[in-house]
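Every read-out reported here was derived from the displayed coordinates using simple, explicitly stated rules and does not represent laboratory data. The shown structure was predicted, so the numbers you read here are calculated from the model rather than taken from an experiment. Reconstructed Cβ throughout: ideal geometry from the backbone, glycine too, with neighbour counts over all protein chains shown.
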Amino acid sequence: MQKLGDTLAENFGGAFTKLGSRQFKLDDCPDLTEKVGVVTGGSQGIGFGVAYTLLKHNISKLYIISVNKEVFEGAKAVISDELGQDKAARMVWMKCDLSDWRRVKEVAEMIKRDNNRLDILVNNSGRGIMSAELTSYGVDRHMAVNHMGHVVLTSHLLPLMQKTAEEGNIVRISNQSSNLHTGAPKDTKFASLDEINQDVGPNAQYGRSKLAGILYSRYFNRKVTQNGHPNVLMNATHPGFVSTKQSREDILEPYPLGGYVMKYGIEPIKKDQFEGAVPTVFCATKIKDSGQYICPPCIPEEGSPMSQDDELADRLMELTRNIITEKTRVDSVERGCPMDDVVVH
């Protein structure tokens, strides 16, 4: 019976959120005075719910990495109106498309130059359930944005996070995954670029990129947390069915008719952006473990068999390194290859 309660709490909003066997509320977020954080996609949706909560709990500086300045300014205005101008002034916007890995590195380097610590990294931004598309590098956009762009960002911020941890702090990284990782193709091997560029359909494209988020977290736990950096934690999360642009608008791109079920049919029981932010805030501020897959409110789940496969994780990260290195080599002479100093990991 409790398993049913956990399933309902993990996926739906309102009264369903109270049925989980473990409870965590946004108000349980600890005081974050003096801490510095980064949230990708922090201007809207779940990312805004996370950013709002971190600012409400006194984070000293919060970098918002996104594409649209107008959307950021709208989010900042809400923070100013509801939390005060002081909290809004702590927000720093960095324009960056996560599919542009050279720009991702530039943003990471600017953050490192401007700070002597980094306590929280929320890898939230992503491409939803949409049709297959290649980036300018010739890489599947789901994998390029949802996984590889965040690997570049995390890897270049890692030295600052390790320094912060060595000074006695717990550093937390949260990757936005999804229960839809179970929809990744059953023959996924992460063996080649051709494999991940194959159009396997909107749900499978999305699911494969979300599988990568869990595998990365578990890989990081083995290679970093358990390999000399016990205070640097990385976990993956499932937010549930959340009312965001992805579930209200983007879903109509691949499914002009069927998408209306997601847009309207389950809208009344979807989580709002704050309910969807709960597991991420837990992983970004409270969790003491690494390499876990956390479902709402704060329930560790095993995930699919593929998400527990260490060999698959190793192949994913080797492929990630090889693709990013090869695709950015043209920039290496003048600007430095974004993966030259990456320890993956």
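Over the range 118-160, what is the mean sequence separation of C-alpha contacts under 8 Å (at least six apart), divided by residue count, expressed as relative contact order in percent?
36 percent
Report the local net charge at ASP289: Lys and Arg +1, Asp and Glu -1, summed over other residues whose C-beta lies under 15 Å from its C-beta.
+4
Please work out the C-alpha center-to-center distance from the range 172-238 to the range 27-43 and express it in whole Å.
Distance between centres, Cα-based: 23 Å.
If we count every other residue with Cβ under 14 angstrom of THR135's Cβ, Lys/Arg +1 and Asp/Glu -1, where does the sum land?
Overall, the nearby charge balance is 0.
Please give me, ordered by residue number, the GluC sites (Glu not before Pro) of the range 145-233 that lie in loop per DSSP and have at most 14 other Cβ atoms within 10 Å.
GLU167
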